[in-house]
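Notes to accompany the following structure.
The values are calculated or read from the model by the stated rules, or taken from the named source; none is laboratory data. Given the structure is predicted, the values throughout are model-derived calculations rather than measurements. Every residue, glycine as well, gets a Cβ built from its backbone with ideal geometry; the counts of neighbours run over all protein chains shown. Only protein heavy atoms, including side chains, enter the accessible area calculation; ligands, DNA and RNA are left aside. Shrake-Rupley method; radii C 1.70, N 1.55, O 1.52, S 1.80 Å.
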Amino acid sequence: MSRIAYVNGRYVRHADAGVHIEDRGYQFADGVYEVCGIRGGKLMDEELHLARLQRSLAELRIASPMPLSALRQVLREVVRRNRVENGLVYFQVTRGVAPRDHPFPAGPVKPSLVITAKRLNMARIQQSAEKGVAVVTMPDLRWARRDIKSIALLPNILAKQAAREAGAYEAWLVDAEGYVTEGSSTNAWIVDKFGRLVTRSTGPEILSGITRTVLLETAKREGIEIVERPFTPDEAKSAREAFISASSAVIIPVVRIDDTAIGNGAPGSITLRLREAYAKVGVLS
């Protein structure tokens, strides 16, 4: 079965999908995106993702391409046409097509909207969750507005590639003050020796992950103490547990940071407890 994409009002074969060469997303990375997990054919935490999309658009002064009610329908139709039961739906909005010039277009320009969906290898994700993964630390070279889910991801790509070349699953990015911000495509967490869940507070330094938000709610329900503050790589290496979170896999335990095993080198009990409890809190729609 051919994959189907939605591009500016049309459902087209994925292989034939394309945008104009002067789309500002292509020329300047002038756009934002969201990724929703799909479980059992339903979208995970949809309303939170749509709210964050609206915030990102407002921060960049990009108009919404359609009413949210219509966007919800199109998202579901893309998932349906691609017959995705467990996977991801990706939606991207750019400022639109205009002659290449750095300032915003002078006249009204219709934003561009692209939506795609794909299956995930759930067996591989489960294997990572059971065994845990390694991360490496490296300097955070991204721009100062990481709270906007911009499509300008080159530093993230370079960090992820460096991690893969080092045999690791993810890179944890470290700011100029020596604190971990987040992963190249995930949020970063540790469990300290007192059993407290520690993650960096939201602000311009990190993306407020949707899975992160739901996990905080989950931890509260589970009676786990939460501390939102920065932590250093050294503190992480001496932590009781560590893990990463993202819409694609929810929680993946981290069992090694650089050359240091975390805890006993296996996924920790609080991490696994949160992963199991998330399914009861995450909202499917």
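What are the residues in the stretch 263-277 that are among the aliphatic types (A, V, I, L, M), part of a loop (DSSP other than H, G, I, E, B) and open to solvent by less than 20 Å² (accessible area, probe 1.4 Å), if any? Break it down into steps so the answer makes sense when it comes.
First, the residues of the stretch 263-277 that are among the aliphatic types (A, V, I, L, M): 266, 270, 272, 274, 277.
Retained after the next criterion (residues that are part of a loop (DSSP other than H, G, I, E, B)): 266.
Residues satisfying the conditions do not exist here.
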- prompt: List pairs: first in the stretch 25-37 and closer than 27 Å to residue 251 by Cα, second of a type outside the set (A, V, I, L, M) and assigned to a strand (DSSP E or B), Cβ under 6 Å, 6+ apart or cross-chain?
  reply: 32/150; 33/92; 34/91; 35/90
task: Please enumerate the residues belonging to the stretch 184-234 that are acidic (Asp, Glu), out of contact with any Asp or Glu (no Cβ under 8 Å at 6 or more places or on another chain) and within 29 Å of residue 154 (Cβ to Cβ).
output: 228, 234
Candidate set: the stretch 212-232, residues that are of a type in the set (Asp, Glu) and over 21 Å from residue 173 (Cα atoms); chosen: the one least open to solvent (accessible area, probe 1.4 Å): 222
message: Could you check the stretch 130-162 and list, in sequence order, the residues that are closer than 27 Å to residue 276 by Cα, open to solvent by less than 40 Å² (accessible area, probe 1.4 Å) and in a helix (DSSP H, G or I)?
response: none
- prompt: Of all the strands (runs of 3 or more DSSP E) wholly in the stretch 165-246, which have at least 3 residues that are more than 17 Å from the chain's Cα centre (by Cα) and without any contact (Cβ under 8 Å) to a residue 40 or more places away in the chain?
  reply: 226-228
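Residue-by-condition table, conditions (1) out of contact with any helix residue (DSSP H, G or I) (no Cβ under 8 Å at 6 or more places or on another chain); (2) open to solvent by 70 Å² or more (accessible area, probe 1.4 Å):
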{"site": "6", "(1), (2)": "no, no"}
{"site": "16", "(1), (2)": "yes, yes"}
{"site": "31", "(1), (2)": "no, no"}
{"site": "57", "(1), (2)": "yes, no"}
{"site": "74", "(1), (2)": "yes, no"}
{"site": "82", "(1), (2)": "yes, no"}
{"site": "85", "(1), (2)": "yes, yes"}
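Okay, residues lined up against (1) more than 17 Å from the chain's Cα centre (by Cα); (2) among the small types (Gly, Ala, Ser); (3) farther than 23 Å from residue 206 by Cβ:
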{"site": "107", "(1), (2), (3)": "yes, yes, yes"}
{"site": "110", "(1), (2), (3)": "yes, no, yes"}
{"site": "116", "(1), (2), (3)": "no, no, yes"}
{"site": "123", "(1), (2), (3)": "yes, yes, yes"}
{"site": "138", "(1), (2), (3)": "yes, no, no"}
{"site": "141", "(1), (2), (3)": "yes, no, no"}
{"site": "144", "(1), (2), (3)": "yes, yes, no"}
{"site": "147", "(1), (2), (3)": "no, no, no"}
message: Residue under question is residue 171, and the condition is that it be open to solvent by 30 Å² or more (accessible area, probe 1.4 Å), under 22 Å from residue 211 (Cβ atoms) and touching a strand residue (DSSP E or B) at 6+ places or on another chain (Cβ under 9 Å); does it hold?
response: no
task: Check the stretch 43-51 and report whether any residue there is without any contact (Cβ under 8 Å) to a residue 40 or more places away in the chain and open to solvent by 70 Å² or more (accessible area, probe 1.4 Å).
output: no
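Do any strands (runs of 3 or more DSSP E) lying entirely in the stretch 8-125 carry at least 3 residues that are at pLDDT below 95, and which ones are they?
Working: elements: 10-13, 31-39, 87-94, 112-119.
Strands (runs of 3 or more DSSP E) meeting the threshold: none at all.
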- prompt: Restricting attention to the stretch 85-98, and to residues there that are within 13 Å of residue 30 (Cβ to Cβ) and not charged (D, E, K, R), which single residue is nearest to the chain's Cα centre (by Cα)?
  reply: 92
